[in-house]
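These notes concern the structure reproduced below.
The values are calculated or read from the model by the stated rules, or taken from the named source; none is laboratory data. Bear in mind the structure is a predicted one, so any value in this text is a computation, not a measurement. No Cβ is skipped: glycine too gets one built from the backbone with ideal geometry, and neighbour counts run over all protein chains shown.
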Amino acid sequence: MTALAVEKLSVRYGAVEAVRELSLEVKPGRIVGLIGPNGAGKSSTLHAIMGAAPITGGDVRLDGRSLVGRRPEDIARRGVALVPEGRRIFGELTVDENLRLGLAARRTRANGNGLARAYELFPVLRDFRSRHAGALSGGQQQQLAIARALAAEPGVLLLDEPSLGLAPKIVDVVFEALMQIRDSGLAVLLVEQRAQRTVALADESHVLANGQLRITLGPKDAGDTDRLVSAYLA
Ligand SMILES: Nc1ncnc2c1ncn2[C@@H]1O[C@H](COP(=O)(O)OP(=O)(O)O)[C@@H](O)[C@H]1O
Ligand SMILES: [Mg+2]
């Protein structure tokens with residue numbers, strides 16, 4: 001059981017202040033949504049947690065221990081996994097080989113059933129385990145990207161726009177899997193463009209604009225389009 005805390009995090013690329021004093025917390029067995037327009041600082045937040053973006057202020061804590069200044073591979077071994085935007089799977093490798101690559105980032109506390117668990121969650125991957133990943137559909141590739149992250153047996157799962165470019169039916173499959181992942185006790189931080197669906201799914205969702213937290217919404221707010229739109233425009 002691992003909890004993630006982001007405290008007054010600031011990220012800056014030269015003159016661009018991508019994230020400004022953002023605070024949020026993700027507890028085990030919870031999904032926290034991070035939504036907002038393009039350029040809001042969502043990816044920068046995930047990259048900063050992963051040790052791959054320049055943090056200029058604040059803290060990122062895993063079970064109370066700071067991750068700031070640590071290298072991405074060290075952060076991965078402590079149990080944080082990122083499903084990057086655009087999947088980044090290896091098309092020339094088979095499904096199974098892609099999943100085994102995920103094992104390279106296995107956390108120190110892993111108990112060795114990450115691969116089995118990943119296949120259990122996405123049965124279609126087991127059926128296609130010997131196929132080249134490049135031959136899979138977009139939705140299957142996204143499932144593979146998530147499965148690869150899970151193979152490392154993380155305690156915290158970060159996802160960057162997993163529904164991007166997917167048909168609505170496939171989005172259902174991905175979101176259904178996220179619920180199962182949450183129920184297995186992981187802390188999930190979900191960056192999304194599909195605001196309404198994310199607000200409905202997540203235990204709470206933060207709207208980010210210009211690097212700043214604007215408002216936090218709960219599942220009950222999912223039908224309140226006006227509130228959502230005004231949060232985006234604020
Ligand atoms: N590597 C980078 N170098 C310089 N600026 C960047 C870099 N990555 C992101 N930015 C800038 O930081 C801001 C936030 O970007 P990003 O975190 O990608 O937003 P989002 O994921 O919400 O679309 C944008 O203004 C973007 O242009
Ligand atoms: Mg992004």
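Out of Gly29, Gly41, Gly79, Gly33, which single residue is touching a residue at least 60 places away in the same chain (Cβ under 8 Å), away from ligand 1 (no atom under 16 Å from the Cβ) and crowded, with 19+ Cβ neighbours inside 10 Å? Step through it out loud before you land on a result.
Numbers: Gly29 fails: crowded, with 19+ Cβ neighbours inside 10 Å; Gly41 fails: away from ligand 1 (no atom under 16 Å from the Cβ); Gly33 fails: away from ligand 1 (no atom under 16 Å from the Cβ).
One residue alone meets the criteria, Gly79.
Of these, Glu153, Glu120, Glu73, which one is within 20 Å of Ala3 (Cα to Cα), part of a helix (DSSP H, G or I), of a type in the set (D, E, K, R) and away from ligand 1 (no atom under 16 Å from the Cβ)? Quick ask: steps written out before the conclusion?
Values: Glu153 fails: part of a helix (DSSP H, G or I); Glu120 fails: within 20 Å of Ala3 (Cα to Cα).
Only one candidate qualifies: Glu73.
What is the residue count in region 188-234 for residues that are of a type in the set (A, V, I, L, M, F, W, C), under 17 Å from the mean Cα position of the chain (by Cα) and buried (at least 21 other Cβ atoms within 10 Å of the Cβ)? Talk me through it step by step, then tell me what you get.
First, pick out the residues of region 188-234 that are of a type in the set (A, V, I, L, M, F, W, C): 188-191, 195, 199-202, 207-209, 213, 215, 217, 222, 228-229, 231, 233-234.
Now restrict to residues that are under 17 Å from the mean Cα position of the chain (by Cα): 188-191, 195, 199-202, 207-208.
Narrowing further to those that are buried (at least 21 other Cβ atoms within 10 Å of the Cβ): 188-191, 195, 199, 201-202, 207-208.
Qualifying residue count for the region: 10.
Within region 98-125, how many residues turn out to be without any contact (Cβ under 8 Å) to a residue 24 or more places away in the chain, of a type outside the set (Val, Ile, Thr) and surrounded by 14 or more Cβ atoms within 10 Å (Cβ to Cβ)?
Selection size over region 98-125: 1.
Search region 107-154 for residues being touching a helix residue (DSSP H, G or I) at 6+ places or on another chain (Cβ under 7 Å) and modelled with pLDDT under 90, and hand back the single one that is nearest to Val80 (Cα to Cα).
Of all residues in region 107-154, those touching a helix residue (DSSP H, G or I) at 6+ places or on another chain (Cβ under 7 Å) come to 107-108, 114-115, 117-119, 121-122, 124-126, 128-131, 133, 136, 139-144, 146-153.
With modelled with pLDDT under 90 added as a condition, the list becomes 107-108, 114-115, 117.
On the way: Arg107: 8, Thr108: 11, Gly114: 14, Leu115: 16, Arg117: 17 Å.
Among them, the one singled out is Arg107.
With a cut-off of at least 3 residues that are within 16 Å of ligand 2 (Cβ to nearest atom), name the strands (runs of 3 or more DSSP E) lying wholly within region 160-225. Give the steps one after another, and end with the answer.
Details: elements: 187-192, 204-209, 212-217.
Filter on region 160-225 gives 187-192, 204-209.
Out of the residues in region 7-21 meeting the condition of being under 19 Å from the mean Cα position of the chain (by Cα) and within 16 Å of ligand 2 (Cβ to nearest atom), tell me which one is surrounded by the most Cβ atoms within 10 Å (Cβ to Cβ).
Val19
Specify which of the listed residues (Val60, Val11, Val19, Val6) is at pLDDT 95 or above, within 16 Å of ligand 1 (Cβ to nearest atom), closer than 27 Å to Glu176 by Cα and part of a strand (DSSP E or B).
Values: Val60 fails: closer than 27 Å to Glu176 by Cα; Val11 fails: closer than 27 Å to Glu176 by Cα; Val19 fails: closer than 27 Å to Glu176 by Cα.
Going through Val60, Val11, Val19, Val6 in turn, the sole match is Val6.
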